[in-house]
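Below is one structure; the comments refer to it alone.
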Amino acid sequence: MSQQEDLEYQLDTLAIRTGHTRSFEGEHGEPIFLTSSFVYENAAEAAAKFSGAEPGNIYSRFTNPTVAMFEKRLAALEGGERAVATSSGMAAIMAVAMSYLKAGDHVICSRAVFGSTVSLFEKYVAKFNVAVDFVDLTDLDAWKNAVCPETKLLFVESPSNPLAEIADIQALADLAHANDALLAIDNSFCTPVLQQPLKFGADLVVYSATKYLDGQGRALGGAVVGNHKLLEEVFGYVRTTGPSMSPFNAWVFLKGLETLRLRMKAHSASAQKIAEWLEAHDKVEKVYYAGLKDHVGHELAAKQQLGFGGIVSFEVKGEREGAWTVIDNTQFISITGNLGDAKSTITHPATTTHGKLSPEAKAAAGIREGLIRLSVGLEDADDIIRDLSHGLDLI
Ligand SMILES: *Cc1c(COP(=O)(O)O)cnc(C)c1O
């Protein structure tokens, strides 16, 4: 489908039809081009392709037809002009940092981001003399106070992990633009099905495709989405430094996108049911899910998102012992840090994903010992509830 036609189709159609131009073989399914390089009829054609005078593939670190299909499809779903795929979500975030920042620049990042994102800025990007400040996601004044003339990038994950706090994307976009800075949103938890940050003024959307875009826990990948001008920088960085997506993984994600809306709807419906059940349970102290009416971010999430997603966090009585009792007594829910899978997964943030934080940092981030994070999968919601009951009943 051409760019023009794309605009006329709804998300479900774009998710299934965008990106694939049939080859001379007439294949129905998207082909996997497992090839590192491409060949030419003659030296003149090679010269034209290499110089850029003629469009076409050269080498799969630069472009690959299967990866290009995934990029076109994701960009269409997100309402962006272009996407660049990367080898992982972290590679996508690093690509954003390396494409738009230089020595002397300043970044403001929400505090409750993926753990490796904190290290990426503090330990690696900082080596190039780029300063970073971490602020509370929901505290707009803190963002305003952190802005200085050197601020070039605001980086946000919303909803946050694991407490599902919600950032006001429009307000942060306005703040960034008033300072000639860019706003990048890590949209891995919502996907374009539940949230399209570009519509609220964000400049860049970043993905760990490893999570819901795949949806079945098979492959690592990432992507950056935005307009042509911004994405040309990311493309240049990726093709030169090499964190490109494998064509095989791109094919896995292409298939994932076809069922993304159905899956996100099912994840969200089950998560809502489970969150409501947990809220009423006498062994549960607090539930963090933006779909619950008394969640602090409920109204903002309802305005910004088309659903509340599949991640439910909750605090049980009995501190760490209580949390571990629930986790250890599940029968089928997988004990693993990954999320966004058809299989439900459960984890104890205080001793796993957030285990390296100091006690003070944990307290500031609201990561208490009784906290459990559940990624609600596509199993029957009542079965998931029963699996959580085994341990809750023992507390
Ligand atoms: C997993 C994750 C990442 C990192 O992605 P990888 O594909 O593991 O590199 C970044 N952001 C969020 C929100 C994630 O959940």
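The values are calculated or read from the model by the stated rules, or taken from the named source; none is laboratory data. Being a predicted model, the structure only gives us computed values, none of them experimental. Cβ: placed from backbone, ideal geometry, glycine included. Neighbour counts: every protein chain shown.
The table for this structure:
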| quantity | calculated |
| --- | --- |
| The lone exception for VAL296 - which of (1) without any contact (Cβ under 8 Å) to a residue 60 or more places away in the chain; (2) among the aliphatic types (A, V, I, L, M); (3) surrounded by fewer than 17 Cβ atoms within 10 Å (Cβ to Cβ) it fails | (1) |
| Matching option when the condition is within 14 Å of the ligand (Cβ to nearest atom) and either over 30 Å from ARG368 (Cα atoms) or in contact with a helix residue (DSSP H, G or I) (Cβ under 9 Å, 6 or more places away or on another chain) (or both), among ALA173, ALA103, ALA85 | ALA85 |
| Selection from region 352-394 of residues that are modelled with pLDDT under 95 and either assigned to a helix (DSSP H, G or I) or not assigned by TED's automatic domain parsing to the domain that holds GLY322 (or both) | PRO359, GLU360, ALA361, LYS362, ALA363, ALA364, ALA365 |
| Criterion: at pLDDT 95 or above, within 16 Å of the ligand (Cβ to nearest atom) and surrounded by fewer than 24 Cβ atoms within 10 Å (Cβ to Cβ) - qualifying residue of GLY242, GLY222 | GLY242 |
| All positions within region 303-312 that are on the phi < 0 side of the Ramachandran plot and surrounded by 24 or more Cβ atoms within 10 Å (Cβ to Cβ) | PHE308, GLY310, ILE311, VAL312 |
| Selection within region 159-186 - within 19 Å of VAL224 (Cβ to Cβ), touching a residue at least 60 places away in the same chain (Cβ under 8 Å) and not aliphatic (A, V, I, L, M) | ASP186 |
| Sole residue being modelled with pLDDT of 95 or more, part of a helix (DSSP H, G or I) and among the aromatic types (Phe, Trp, Tyr), chosen from PHE248, PHE308 | PHE248 |
| For GLY217: the one exception among (1) in a helix (DSSP H, G or I); (2) in the same structural domain as ILE58 (by TED's automatic domain parsing); (3) within 16 Å of the ligand (Cβ to nearest atom); (4) not aromatic (Phe, Trp, Tyr) | (1) |
| Filter result for the condition that a residue is among the hydrophobic types (A, V, I, L, M, F, W, C), in the same structural domain as VAL84 (by TED's automatic domain parsing) and in contact with an Asp or Glu (Cβ under 8 Å, 6 or more places away or on another chain), over PHE200, PHE235, PHE248, PHE189 | PHE189 |
| Region 96-121 residues that are over 15 Å from ALA184 (Cα atoms), paired with ones that are among the basic types (Lys, Arg) and surrounded by fewer than 21 Cβ atoms within 10 Å (Cβ to Cβ) (beta carbon under 6 Å, 6 or more apart) | ASP105/LYS152 |
| Residues located in region 70-106, provided they are farther than 19 Å from THR240 by Cβ and more than 19 Å from the chain's Cα centre (by Cα) | GLY104, ASP105, HIS106 |
| Residues within region 106-150 that are within 14 Å of the ligand (Cβ to nearest atom) and either in a helix (DSSP H, G or I) or of a type outside the set (D, E, K, R) (or both), tallied | 14 |
| Matching residues, region 258-285, being without any contact (Cβ under 8 Å) to a residue 12 or more places away in the chain and more than 20 Å from the chain's Cα centre (by Cα) | ALA280, ASP282 |
| Search result, residues across region 20-51 that are exposed (fewer than 10 other Cβ atoms within 10 Å of the Cβ), in a helix (DSSP H, G or I) and among the hydrophobic types (A, V, I, L, M, F, W, C) | ALA43 |
